[in-house]
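Derivation of every value follows stated rules applied to the coordinates shown; laboratory data play no part. Computed from a predicted model, the values in this text were never measured in an experiment. Counting neighbours? That spans all protein chains shown, and the Cβs are built from the backbone with ideal geometry, glycine included.
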Amino acid sequence: MKTFATGLMILLASLAANAQDADFVIEGEEGKAIVLSVDGFSDPEWSKLSVSKTSGDGDDYEISNFVDGKISFLFNSADEYMFDFWEDLYGCRLNTTVRFIIQKDITLYVPNIFTPDGDGINDQFHIKYDARPTSFNIVIYNREGKKMFSSGNPDFRWDGSKCTPGVYSYVINYKSLGRQKNMSGYITLADRR
């Protein structure tokens, strides 16, 4: 943890090795607020602290006003954003640059039925996603709890061969944004007519 102090402003953030042209790099998740502590504003002149965006294509973000020594950022789209924080107090300009790297959480699209009837439409059960998970595992069970299929490949395809039509349950474990996630549900294997 590095503390950057300039006059009345103290910005606490993790110093990253990939900072390059920024003093600090902060990673966050799309749609979730990032709150920075900006301590030391006991003087009414604290409002002289300013924040401006200096680079990044994304414009889908909100910055809150300073409340209780904190400033809140909400990024609604994944992108990299660069902001300058500066304080121009009593003719002295103090500056630091922060890069925000905002990532999108993975969304899985799981169908609830498939029809392996050979017509080339919806013949296999598979999952679509908007970003590839770093780890993935799926297990499909019949009504009695017997494992019918499993795969560690996020691009798996299950045709339901050797299974009777009916409802099957699945359990999916995957990793998104460095966190383990779990999902479960039901898939209907329709009649093969």
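Observations on the model:
- Label-point separation in nm, residue 167 to residue 148, each point 7 Å along Cα→Cβ: 1.3
- Restraint check, 147/175; 104/128; 104/181; 147/181; 32/128; 146/181, Cα-Cα greater than 18 Å: 147/175; 147/181; 32/128; 146/181
- Residue exposure sequence - 121, 102, 140, 26 - by fewest surrounding Cβ within 10 Å: 121, 26, 140, 102
- Coupling constants for the range 158-165 follow from the phi torsions by the Karplus curve (6.51 cos²θ - 1.76 cosθ + 1.60, θ = phi - 60°), and in residue order they are 10, 9, x, 4, 6, 10, 7, x Hz; glycine and proline get x.
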